[in-house]
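Shown next, in structure tokens, is the structure this report addresses.
The values are calculated or read from the model by the stated rules, or taken from the named source; none is laboratory data. The structure displayed is predicted, hence computed values, not measured ones. Here Cβ is always computed from backbone atoms with ideal geometry, including for glycine, and neighbour counts include all displayed protein chains. All accessible areas refer to the heavy atoms of the entire protein, side chains included, with ligands and DNA or RNA removed. Shrake-Rupley method; radii C 1.70, N 1.55, O 1.52, S 1.80 Å.
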Amino acid sequence: MAKPGRLGVGIIGAGKVGAVLGAALRAAEHAVVGVSAVSEASRERAETLLPGVPVLEVQEIVERAELVLLAVPDDALPGLVDGLAKLGAWQPGQLVAHTSGRFGVGVLHPVRAAGAVPLALHPAMTFTGMSLDLTRLLDCTFGVTADAAMLPIAQALVVEMGAEPVAIAEADRTLYHAALAHGSNHLVTLVAQSSELLRSVGVELPERMLGPLLRATLENALASGESALTGPVARGDVGTVAAHAEALREFDGGGHGDVLAAYLAMARATALRAEGRGLLKPDQLEGLRQALDPEED
């Protein structure tokens, strides 16, 4: 016998996020009534994570579903929502949730105009599109935005997926998403650059060298914030920083690559934060500035 309040869920977009969240809602005993999947990869993902769920056209999914989950790229979301509104697809009382980090519920204005309920449910997690993501949801938080009266519904859906909802104001969505992208996406770039440098000096398995260091650094930073800051910039070791910059400039072919630019940008930011915490004296900060921006003098 089905639990009370179970919904017929339609998934638009069987990408890494949509398929996983659909599987999580299904595990909470909601019925997934259809999924859209265009590419071969998305069809295979749907078959793996949502076995037995029919692959349907988008408009048909909207017609069948009590909860529509829009798991599409940010830039595609406004056009999709507006296009379905022009077709008269949205239904009064229907729940319509998107998974975009950038947008709140404002982008779902055509949904609201049709009498449906707009929700923004963004998982603060990177996904593989495989079943292991369902376990990761248990440690995941969602940035949730909804009208005050509807916020409990959005929060309940997140809790049912095993995650923790955190309310984000409509006006703060872009800054919220920028924070996550800055931390997560740029971390991947930093790891890739560090690995490239280590390989260039003969380290065959840079992940074995970096893994323990980066895991410890991340844990310390999450636990202690900027109190965990260490290294030559925070110590004011101007000579070391200057040597780093010169070696990276040579590695990058005179500074035309991405590694030097990233090092200089992060070192400048680190110096300013270290100075703000009283770790650097004014003369040390000036020395670092000259080491990082020698052409300005």
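Based on the Stokes-Einstein relation at 37 °C and a viscosity of 0.692 mPa s, and on the Kirkwood radius from alpha carbon pairs, the chain is assigned a translational diffusion coefficient of 150 µm²/s. Comparing A89, A223, A163 in a Gaussian network model of the chain (Cα springs below 10 Å), the most mobile by mean-square fluctuation is A223. Rounded to the nearest 20, the size of the Cβ-charge dipole of the chain about its Cα centre is 820 debye, with Lys and Arg at +1 and Asp and Glu at -1. Over the chain, DSSP H runs of length four or greater, each weighted -39,500 (n - 2.57), average out per residue to a 222 nm ellipticity of -16000 deg cm²/dmol. The distance from the alpha carbon centre of the range 215-249 to that of the range 108-138 is 36 Å, rounded to a whole number.
As a rough guide to protection, the peptides 30-43, 128-141 ranked by mean Cβ packing within 10 Å, highest first, stand as 30-43, 128-141. Using a Gaussian network model of the chain in which every pair of alpha carbons under 10 angstrom is joined by a spring, one finds that among E60, E47, E204 the greatest mean-square fluctuation is at E204. The modelled label-to-label distance for the pair E57/A261, using points 7 Å beyond Cα in the direction of Cβ, is 4.5 nm. Let me check I've understood the local charge: for K16, count other residues with C-beta under 10 angstrom from its C-beta, Lys and Arg +1, Asp and Glu -1. What total comes out? Residues near K16 contribute 0 overall. Selection among T126, H256, L272 by position relative to the dipole of the chain gives T126 as farthest towards the positive end (Cβ unit charges, Cα centre). Rolling a 1.4 angstrom probe over the chain with all protein chains present gives an accessible area of which 58% lies on carbon and sulfur atoms. Here the label points at V191 and E66, each 7 Å from Cα along the C-beta direction, are separated by 4.0 nm in the simple model.
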